[in-house]
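The structure under discussion appears below in the form of structure tokens.
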Amino acid sequence: MALLTQGRVRIIRWAAWTAAALGCTWAGLDLWSVHSARARLRDKPVSEDDRRLRDPNLTHDEWLEIQLRRLEPDDYEGAQYLAWGFNRQKRYDKSYPLFVQAANGGMVGSMIQLGWMCKTGTGTPKDPAASYRWYSMARENGNLWGDLGVADCLEHGIGVPADPRQAFAIYLRLAQLPTEPTSNNLRVVGYASRHVGRCYQLGIGCASNRAEAVKYLTRAVGIPETWGADREAYRRLKEMGAPLPAPPKKSELWK
């Protein structure tokens, strides 16, 4: 019995022609859609901002201004990105509202920055209560810098009644966090260790204890990720006449 009967051959031939026809139709539709899309793009009016963005001589300041005009109200990540850009240009009057937009959208880094800006009056009038509120929001979101900011407010009575003992307790908890390279705690631990050493040295929120002060200040010196904090710890050790560790080195992370 033959496998390919005349009827089966007709069916196979019909299927092949149908597949070819469908393939040609699909390819034609695809080409038509591409042509239509190109036509729409060609006919779409180009805004002045679009033309400026194509300019190879566009400056960073001009780019920031254009992106600011195009920013959507619910683009919280974009707002934070632009805010840091304006910050690098020291244009804090522009960065402050962008940080507010980002923070209201849950961007914790913006909350920390707003705490500092409201505390120091950078880009906005000084507002101690707002500073404490922003730091507290970051802390509630599990951010360790929020803990550090809240402790600073408690120590100095910024936007909240001063409570040096509670501030010291927060500093001490942060200073005792693990410092494995993968923990991302190095800088926080370094700053907190410097604060704990200073508190033990001056008796702020705890009894003065020279040995503990030297211990924590020495630990802060050994964490170069703390930028300037380790240098202050080094200076305090020198003032106390304590054995001096190796001078702070520039972090490998920032070379």
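The values are calculated or read from the model by the stated rules, or taken from the named source; none is laboratory data. These numbers come from a predicted model, not from an experiment. Note: ideal-geometry Cβ built from the backbone for every residue, glycine included; neighbour counts use all protein chains shown. Protein only, heavy atoms only, side chains kept; ligands, DNA and RNA dropped before computing areas. Shrake-Rupley method; radii C 1.70, N 1.55, O 1.52, S 1.80 Å.
Structure summary
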quantity: Residue that is modelled with pLDDT under 95, out of contact with any Asp or Glu (no Cβ under 9 Å at 6 or more places or on another chain) and in a helix (DSSP H, G or I), where the choices are 134, 145; calculated: 145
quantity: Residue in segment 25-48 that is farthest from residue 69 (Cα to Cα), counting only those that are open to solvent by less than 100 Å² (accessible area, probe 1.4 Å) and modelled with pLDDT of 70 or more; calculated: 25
quantity: Cβ pairs under 8 Å, 6+ apart, first in segment 43-62 and aliphatic (A, V, I, L, M), second at pLDDT 75 or above; calculated: 53/63; 53/66; 58/52
quantity: Whichever residue in segment 137-152 is out of contact with any His (no Cβ under 9 Å at 6 or more places or on another chain) and open to solvent by less than 20 Å² (accessible area, probe 1.4 Å) and, among such residues, is nearest to residue 104 (Cα to Cα); calculated: 138
quantity: Segment 224-255: number of residues that are assigned to a helix (DSSP H, G or I), at pLDDT 70 or above and open to solvent by less than 80 Å² (accessible area, probe 1.4 Å); calculated: 7
quantity: Check on residue 155, surrounded by fewer than 16 Cβ atoms within 10 Å (Cβ to Cβ) and among the charged types (D, E, K, R); calculated: no
quantity: Elements of type helices (runs of 4 or more DSSP H) contained in segment 163-223, each with 1 or more residues being surrounded by 17 or more Cβ atoms within 10 Å (Cβ to Cβ) and of a type in the set (S, T, N, Q); calculated: 186-202, 210-221
quantity: Where a residue in segment 200-214 is free of Cβ contacts under 8 Å to residues at least 40 places away in the same chain and farther than 13 Å from residue 164 by Cα and its partner, wherever it lies, is among the hydrophobic types (A, V, I, L, M, F, W, C) and in a loop (DSSP other than H, G, I, E, B), with Cβ under 7 Å and at least six apart; calculated: 214/242
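Residue-wise test of (1) in contact with a strand residue (DSSP E or B) (Cβ under 7 Å, 6 or more places away or on another chain); (2) over 20 Å from residue 69 (Cβ atoms); (3) crowded, with 20+ Cβ neighbours inside 10 Å.
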site	(1), (2), (3)
90	no, yes, no
95	no, no, yes
101	no, no, yes
111	no, yes, yes
119	no, yes, yes
122	no, yes, no
128	no, yes, no
131	no, yes, yes
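Quick grid of which residues meet (1) within 24 Å of residue 121 (Cα to Cα); (2) among the charged types (D, E, K, R); (3) under 12 Å from the mean Cα position of the chain (by Cα):
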residue: 60; (1), (2), (3): no, no, no
residue: 67; (1), (2), (3): no, no, no
residue: 75; (1), (2), (3): no, yes, no
residue: 80; (1), (2), (3): yes, no, yes
residue: 87; (1), (2), (3): yes, no, no
residue: 97; (1), (2), (3): yes, no, no
residue: 101; (1), (2), (3): yes, no, no
residue: 104; (1), (2), (3): yes, no, no
